[in-house]
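Reading through the structure tokens given below for one structure.
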Amino acid sequence: MSGIDKPLIPQAMPATWLGVMGGGQLGRMFAQAAQALGFKVAVLEPSNDCSAGQVADDLVNAGYDDAAGLEALAQRCVAVTTEFENVPAHSLATLAQSTFVAPAAACVSIAQDRIVEKQFFTACAGSSMVLPAPHQLIETAADIARVPATLLPGILKTNRLGYDGKGQVRVSSTDELQAAFAGMHGVACVLEKMLPLAYEISVLVARGSDGAAVVYPIAENVHRDGVLFTTTVPGPHVAPDCAERAQTAALAIIGALAYVGVLCIEFFVLHDGSLVVNEMAPRPHNSGHYTIDACVTSQFAQQVRAMARLPLGDTRQHSPAVMLNLLGDLWFEDGVAEAREPAWDKILALPGACLHLYGKDSARIGRKMGHVTFVAPTLAQAQASLHSACAVLGIAL
Ligand code: ADP
Ligand code: MG
């Protein structure tokens, strides 16, 4: 393709189109950021009332591997990205035959497969100085027989398609492991040693096609029932040397992948201060939502810049921030769905509140409906607003 490495400077007439695979909230916030820069956005998504489709300039209503849909997206868009990591990698490869795709299919496919991802992390440990948790691939009963006692207690995770703690079972004995594996209906799994986590962090990094890379501040994450609950930046537990090691590791990893776009890498910090690399998401990430309101360049604007081969933006955080995920549970009362609408007026009355609702048509337990970020001159003030918000919403802290 001619001009593939030229920057895609937004232009109004005719419009410059960017494409995104997937219609969820990450696609919606990507579209909003792209539109702010003057681009038009096409979303490819099979469902026709989707969060991203509501704001996109065009919705290509097609399956993620539908040849005609991919062709339509590639014809219209000068660059295409993805908003979810389980997009078929071969669809990205198909798109790349006729348009610029970032991140590349090869990078996304590493992140889709836990074992391959861990092998990759291990292979670049020489430069990143971090290793994944001790683990073993479990595909057969014979693999279970070979599990060393040191891997137990552990967590059995499906090798592919796991997210938000889904497809994971905690096991403390070989018998429990056998039962858990039987419950996975024969899919390949990874058994990981259960580590003593002091806290969890994630690092957002972005890299341009020219190899320039930028890193965001460290986000400290609290999960509940496997789903991200809050992200706090700066993280109250994060020591400066730990932040530096994690940022250095993230930059080494994104460089080793020759990745283009925004990448989020999750790490565990153990009680002795050591870092363990957990997994990576080849896209903007829930723990990076705070960047919309607290950083010069949001993770979504950064994704736009990277895929359009424009200069990467300033990652500087201008305000301490706490992000709270708003799950569908908030719409339930006595087990009845959509029994109430949370009191958004009371949330918006809190100092530093930045509310983002994703336009989803129905509330389900655990479904990500929105988030609210509290920004303030000090972290303590942002945390005070978070506490008030939890009281308003009936969330136990
Ligand atoms: P997902 O793809 O669902 O996000 P993760 O591998 O990130 O899966 O696991 C979800 C959560 O489970 C982590 O954020 C962490 O809280 C916990 N967890 C995962 N692996 C381990 C481990 N090896 N030791 C201790 N806790 C873990
Ligand atoms: Mg995770």
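The figures follow:
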{"item": "Strands (runs of 3 or more DSSP E) wholly inside region 1-108 that include at least 1 residues being more than 27 Å from Ile265 (Cα to Cα) and modelled with pLDDT of 95 or more", "result": "17-21, 40-44, 58-60"}
{"item": "Residues of region 322-354 classified as at negative phi and surrounded by 15 or more Cβ atoms within 10 Å (Cβ to Cβ), total", "result": "17"}
{"item": "Scan of region 249-273 for residues that are more than 25 Å from Met307 (Cβ to Cβ), in contact with a helix residue (DSSP H, G or I) (Cβ under 9 Å, 6 or more places away or on another chain) and either surrounded by fewer than 19 Cβ atoms within 10 Å (Cβ to Cβ) or not hydrophobic (A, V, I, L, M, F, W, C) (or both), ordered by number", "result": "Gly273"}
{"item": "Condition broken by Arg316, with the remaining ones in (1) free of Cβ contacts under 8 Å to residues at least 40 places away in the same chain; (2) under 30 Å from Pro7 (Cβ atoms); (3) surrounded by 14 or more Cβ atoms within 10 Å (Cβ to Cβ) satisfied", "result": "(3)"}
{"item": "Selected residue (criterion: farthest from His223 (Cα to Cα)) from residues of region 126-161 that are in a loop (DSSP other than H, G, I, E, B), in contact with a strand residue (DSSP E or B) (Cβ under 8 Å, 6 or more places away or on another chain) and β-branched (Val, Ile, Thr)", "result": "Val147"}
{"item": "Restricting region 219-243 to residues that are more than 16 Å from ligand 1 (Cβ to nearest atom) and farther than 18 Å from Pro320 by Cα, the residue that is surrounded by the most Cβ atoms within 10 Å (Cβ to Cβ)", "result": "Cys242"}
{"item": "Positions within region 61-93 being hydrophobic (A, V, I, L, M, F, W, C), surrounded by fewer than 24 Cβ atoms within 10 Å (Cβ to Cβ) and free of Cβ contacts under 8 Å to residues at least 60 places away in the same chain, in sequence order", "result": "Ala62, Ala67, Ala68, Ala72, Ala74, Ala89, Ala93"}
{"item": "Leu152 being buried (at least 18 other Cβ atoms within 10 Å of the Cβ) and either within 12 Å of ligand 1 (Cβ to nearest atom) or not assigned by TED's automatic domain parsing to the domain that holds Tyr259 (or both)", "result": "no"}
{"item": "Ser202 vs. criteria part of a strand (DSSP E or B), modelled with pLDDT of 95 or more and not aliphatic (A, V, I, L, M)", "result": "yes"}
{"item": "Among the candidates Ser287, Ser298, residue that is within 16 Å of ligand 1 (Cβ to nearest atom) and not assigned by TED's automatic domain parsing to the domain that holds Gly27", "result": "Ser287"}
{"item": "Total residues in region 167-196, condition outside any loop (DSSP other than H, G, I, E, B) and either surrounded by 14 or more Cβ atoms within 10 Å (Cβ to Cβ) or of a type in the set (Ser, Thr, Tyr) (or both)", "result": "14"}
{"item": "Residue satisfying all of: in region 125-143; surrounded by 19 or more Cβ atoms within 10 Å (Cβ to Cβ) and away from ligand 2 (no atom under 16 Å from the Cβ); nearest to Leu257 (Cα to Cα) among these", "result": "Ser128"}
{"item": "Residue under evaluation Ala246, criteria (1) in a helix (DSSP H, G or I); (2) within 16 Å of ligand 2 (Cβ to nearest atom); (3) surrounded by fewer than 19 Cβ atoms within 10 Å (Cβ to Cβ); (4) not acidic (Asp, Glu), criterion not met", "result": "(3)"}
{"item": "Of all residues in region 261-298 being of a type in the set (S, T, N, Q) and within 16 Å of ligand 2 (Cβ to nearest atom), the one that is nearest to Tyr199 (Cα to Cα)", "result": "Asn278"}
{"item": "Pairs with Cβ under 6 Å, 6+ apart, first in region 324-349 and closer than 23 Å to Thr291 by Cα, second of a type in the set (Asp, Glu) and assigned to a loop (DSSP other than H, G, I, E, B)", "result": "none"}
{"item": "Unmet requirement for Leu161, which otherwise passes all of (1) touching a residue at least 24 places away in the same chain (Cβ under 8 Å); (2) buried (at least 16 other Cβ atoms within 10 Å of the Cβ); (3) among the hydrophobic types (A, V, I, L, M, F, W, C)", "result": "(2)"}
{"item": "For Asp164: the one exception among (1) within 15 Å of ligand 1 (Cβ to nearest atom); (2) more than 26 Å from Ser298 (Cα to Cα); (3) assigned to a loop (DSSP other than H, G, I, E, B); (4) not polar (S, T, N, Q)", "result": "(2)"}
{"item": "Selection within region 247-280 - of a type in the set (Gly, Ala, Ser) and over 18 Å from Leu92 (Cβ atoms)", "result": "Ala249, Ala250, Ala252, Gly255, Ala256, Gly273, Ser274"}
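The values are calculated or read from the model by the stated rules, or taken from the named source; none is laboratory data. All values derive from a computational prediction rather than experimental measurement. Every residue, glycine among them, receives a Cβ derived from its backbone with ideal geometry; neighbour counts consider all protein chains shown.
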